[in-house]
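Okay, so here's the structure we're looking at.
The values are calculated or read from the model by the stated rules, or taken from the named source; none is laboratory data. What you see is a predicted model, and the numbers here were worked out from it, not measured in a lab. We place every Cβ from the backbone using ideal geometry, glycine too, and count neighbours over all the protein chains shown.
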Amino acid sequence: MEKNKLYQNFFFFANFMFLFLITEILLWRDFTWSFLFNFIIVFFPFWYLIIMYLIRKDRTFNLHPLNYWFAFIIILDLGIILNIFSLKYFSDPAVTPLFIVVTITLMMNFYIGFLSSLVFSFYFSFLFGFPLKTFITLFVIGIISAYLSKNLYSRVRMVIPFLGATISQIIIYLIYNNFDFEAIPQVFISNLIQMLFLLGVLPYLEYITRVYSDIGLLELGNLNHPLLRKLSLNASGTYYHSLIIANLVESASEAINANPILLRVGAYFHDIGKSLRPLFFTENQKGFNPHDRINPKLSALILNLHVIKGKELARKYKLPILIEDLIVQHHGTRIKRYFFHKSIELKENLSPDLFKYPGPIPQFKEAAILMIADNIEAMTRSMQKINKKNIEEKIDNLIQDLYFEGQLDDCGLTLKEINKIKNAMVNTILNMNHSRISYPEIPKELLKEVSKNEN
């Protein structure tokens, strides 16, 4: 861990020096030691403290600091280089935080987008000699861009932050420059270039870093994805189970303001490991259960493989890092009770640990919701009579079991949120299993009579 931290700090400083050199080269400045000294003393600590704060305090960064840290750095680098090119060909007003702020807000969240705006504004204020006017202008544009980038679910709607940032930048420029319209075309062109660059580069940033925006997640949720097609062909029972789970988790996540898109797409992929050995899972069996012919310990190991292989497939196909988490965490470290009891009946005297899933336990709210939904769907499938009381009782018992097993210790769910999740899932299950009226059979003679009359 200490070695990784050392590499991380070294790479951070190397990247920082790269930015300094690229700034000097692209702006054709004469190198001065005083500028380098000020760059290191003033800007480096400010930038470093913000990054370290995010890694330690922000839950998103905390799950996979290296992935998010790398994404944050590469986006900042690209945005700063874009703006340095703008300075070469345009004037100072063409500088805009649009690319950096919108990209980070889309791929991470509004709060991190807000902080990236602060870093960007500080950086270019430093380049221009710290004029307060520059800092305020860039920071205000950054906040507006971040706010307008929240809850964007299509590439077409990305025109909204572009227009918002451009209009606000033009208004601020006119106020500060006594309504001098000379630089307005430069502002518009600079923002347009950054937005077009964002549209082109976003899918590649997502693929490289495995940090996906909601737009990227929606595109990934296409049921024609090779892994989902393979699942539907090899393990059709698991495939339809995943579709049902997707409906359950989406409604539950909306109830507590979690990420419904991440959960829906994650539900599609959470059991992709089952496509490799489908017949070892109940939903894919057609009258024959291979577990009847092997010992419980081996059965438990085979079930573990669907989590392990699912993780491998997620990495091979570059699925989002959070979907990989959902794959490995949706069973936590629960015991496979059926096989454990079977081993007890066979008097094998084996440790319960041999029958546990590899885990880890859910580390964020979405993973806990998926765990609850996965168990509830399996329970309701075996219920003879489905009504509100029975479902509520099943969910209460399940949550109690998960709580006492310690499966929900690290996910951050509150009791109030758990209750909202339960209510949302109850309603969804009742809607999916609604009763229908029985249609009476119409005598054939009457149907013939009606047919004759129509003719």
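Results, tabulated for the structure shown:
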| quantity | calculated |
| --- | --- |
| Odd one out for Thr96 among (1) part of a helix (DSSP H, G or I); (2) surrounded by 18 or more Cβ atoms within 10 Å (Cβ to Cβ); (3) hydroxyl-bearing (Ser, Thr, Tyr) | (1) |
| Residues being over 30 Å from Gly221 (Cα atoms) and in a helix (DSSP H, G or I) - total across the range 322-355 | 13 |
| Extreme residue, surrounded by the most Cβ atoms within 10 Å (Cβ to Cβ), among residues of the range 101-130 that are under 19 Å from the mean Cα position of the chain (by Cα) and aliphatic (A, V, I, L, M) | Val101 |
| Checklist (1) farther than 18 Å from Asp374 by Cβ; (2) part of a helix (DSSP H, G or I); (3) not charged (D, E, K, R) applied to Tyr268, failing item | (1) |
| Test: residue in the range 435-455 that is at pLDDT below 95, assigned to a helix (DSSP H, G or I) and under 19 Å from Pro260 (Cβ atoms) | no |
| Any pair with Cβ under 6 angstrom, 6 or more apart, that starts in the range 315-335 at a residue that is in contact (Cβ under 8 Å) with a residue 40 or more places away in the chain and ends at one that is in a loop (DSSP other than H, G, I, E, B) and aromatic (Phe, Trp, Tyr) | Pro320/Tyr212; His331/Tyr357; Thr333/Tyr357; Arg334/Tyr357 |
| Candidate set: the range 371-402, residues that are outside any helix (DSSP H, G or I) and of a type in the set (S, T, N, Q); chosen: the one surrounded by the fewest Cβ atoms within 10 Å (Cβ to Cβ) | Gln384 |
| Every pair of residues 6+ apart whose Cβ atoms lie under 8 Å, when the first sits in the range 235-261 and is within 21 Å of Gly216 (Cα to Cα) and in the same structural domain as Asn427 (by TED's automatic domain parsing) while the second is in a loop (DSSP other than H, G, I, E, B) and charged (D, E, K, R) | Ser242/Asp271 |
| Candidate set from the range 131-175 (those that are in contact with a helix residue (DSSP H, G or I) (Cβ under 6 Å, 6 or more places away or on another chain) and aromatic (Phe, Trp, Tyr)); member that is surrounded by the fewest Cβ atoms within 10 Å (Cβ to Cβ) | Tyr153 |
